[in-house]
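Each remark here refers to the structure printed beneath this line.
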Amino acid sequence: MEFSSGRVRLKTGDRPQLYPHSLQFYLEPPTENISLVEFESLAIDRLKLLKAVENLGVSYARSTETYQTKLEAELRKLKFPYRALAQDDYEARRKDHISHFILRLAYCQSEDLRRWFLQQEMDLLRYRFNQLTPGLMQKFLEYVNLSFEAVSEDLKNELAEELCASTPGFSMIKVKEQTFYKVGLADAVDLFRARRVFIKEGFAYVPLKDIDAIVLNSYRAKLSKALAVTARSLPAIQSDERLQPLLKHLSHAYVGPEYSVQKNTGKISLEDIDALAALAQPCTGESVLPPACVTHTAASSSSCAVLSGSVLGGFIVLLALQQLQGFVPLLVQFDKGYAYSIRHSYGREGRRTDYTPYSCMKIIISNPPSQGDYHGCPFRHCDAELLRQKLQAYKVPPAGITQILELVKGMHYQLACQKYFELTHEVDDVGFSLNHPNQYFTESQRLLSGAREGKKEPSNPGSSQQKAVSQESKNMSSAPTPSSTAAAAELEGLEAYFTED
């Protein structure tokens, strides 16, 4: 693949020859010129698609209509091929082809990355293959050199009883309706091992509905080998100083909305913090604030986590300072140990840069908490029993705790946090993938303010308590109180002190 400021465009008549089918095994790398901007754009879109495939695969059974509907929506939104019958989707097929090879470069760097990439690509191919009509399935099998001999009607009638007995879930009527293929036993080992096919004279008689297992086995073998070959060639590619930073970033990239620029999500006063923290604060923040309140201290990494929570709430600098000042009894100690760092994080000191809050992925994979630290992701960094106790303290129902712990056991930490959000906010399906603590807070605020519709079933006692807390916070925000008036007066006095350079 070559990279330049321009791109070679094929003539319209040559396009169908380049991508004759909407599916492929990605055997031939792209050879056209693309810009670095397009290189990164295609890679990010592909990464968003694969992360959606992962989230949907954990949340829903792959055979359900909900899974298929949501995945098709993602394909439509990101403009990848989703309808095999479309003949004029050259741009979508081109995007599918090039973006796969870009992520292959980024995800061949370690065994864990290769395993993740392989699994998501297989799930994507499985979905797209099963959307094909029988005629297009046959064309695709021929396209990837997997053309198998279709069993004739006479032979199928002759073996009808054996086929019915050997194929789970088939009746005699279904045997006559279904197309069977005569496949070499070496290509149908998994089906043979699971006793799902009829074997005769070294051939497996595979129904059309199970042919996807053979296609996926072939694809897995080819892609696994290609990833290994790419990994061996990676040093030569990484010598290109234009590509090395991009490829390194892509393997752990955050693909959600940016939170480096503060956005107003409503007004919050100091009196509202405790009430909002009971529901709208992600568990990442809950791991930091209570211990800090008790010990009146916070390590550097923990301070970053608290600051992210402050930015996340849309606080002005003075409110953030007053919030944390209560954790340290001596004003002098607070000024020396914390005030400068807080002003620096908000762009009031040093280079005057407003730092980007950590995403979920960065919190999970970098700087794990050590003894005396309180930052980190509880789903990633907490022991299972301690996490269970925390969830019980947060009034999560027992069934929900079991679901969360199963997700944690499978190392789906962000999905576990998403399940926690659904349980504490009483929604069946949040309709988004949770990738950032700020996103957690924003979505919670939208839900609490009526932008999203929650469940309508009777709530449990813990949920009733949370709703009462939520209503109390709204009331405090809308009605002035003597304490809020006093806080405003204190802020006027603190402004000159904490903003002086």
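The values are calculated or read from the model by the stated rules, or taken from the named source; none is laboratory data. All values reported here derive from a predicted model rather than from experimental measurement. Heads up, the Cβs are rebuilt from the backbone with ideal geometry, glycines too, and the neighbour counts pull from every protein chain shown. Ligands, DNA and RNA are excluded from the accessible area calculation, which covers all protein heavy atoms including side chains. Shrake-Rupley method; radii C 1.70, N 1.55, O 1.52, S 1.80 Å.
Surface analysis of segment 143-216 yields an accessible area of 55 Å² per residue, using protein heavy atoms and a 1.4 Å probe.
Phi angles of segment 62-72 translate, via the Karplus equation with coefficients 6.51, -1.76, 1.60 and θ = phi - 60°, into HN-Hα couplings of 5, 8, 7, 5, 4, 4, 5, 5, 5, 5, 4 Hz per residue; Gly and Pro are given as x. Site pair residue 200 and residue 367 shows an inter-label distance of 6.7 nm when each label is modelled 7 Å from Cα along Cα→Cβ.
Anything over 20 Å Cα to Cα? Flag those among 362/395; 182/209; 156/209, in the order listed. Spell out each step's value before the answer.
Working: 362/395 28 Å; 182/209 14 Å; 156/209 16 Å.
Too far apart for the 20 Å limit: 362/395.
When peptides 139-145, 54-60 are sorted by average Cβ neighbour count within 10 Å, with the highest value leading, the order is 54-60, 139-145.
In order along segment 111-125, the Karplus-derived 3J(HN,Hα) couplings, from 6.51 cos²θ - 1.76 cosθ + 1.60 at θ = phi - 60°, round to 5, 5, 5, 5, 5, 5, 4, 4, 5, 5, 5, 5, 5, 5, 5 Hz, and Gly and Pro are given as x.
Peptides 107-116, 407-416, ordered by how many other C-beta atoms sit within 10 Å of their residues on average, highest first, read 407-416, 107-116. Once backbone amide H atoms are built at 1.01 Å from N, residue 33 has 8 as its partners under 5 Å, excluding neighbours fewer than 5 places away on the same chain.
Taking amide H as placed 1.01 Å from N in the peptide plane, residue 198 has its amide H under 5 Å from the amide H of 205, each at least 5 places away in sequence or on another chain.
The apolar share of the surface of segment 143-216, taken as the fraction of accessible area on carbon and sulfur atoms (1.4 Å probe, ligands and nucleic acids excluded), comes to 49 percent.
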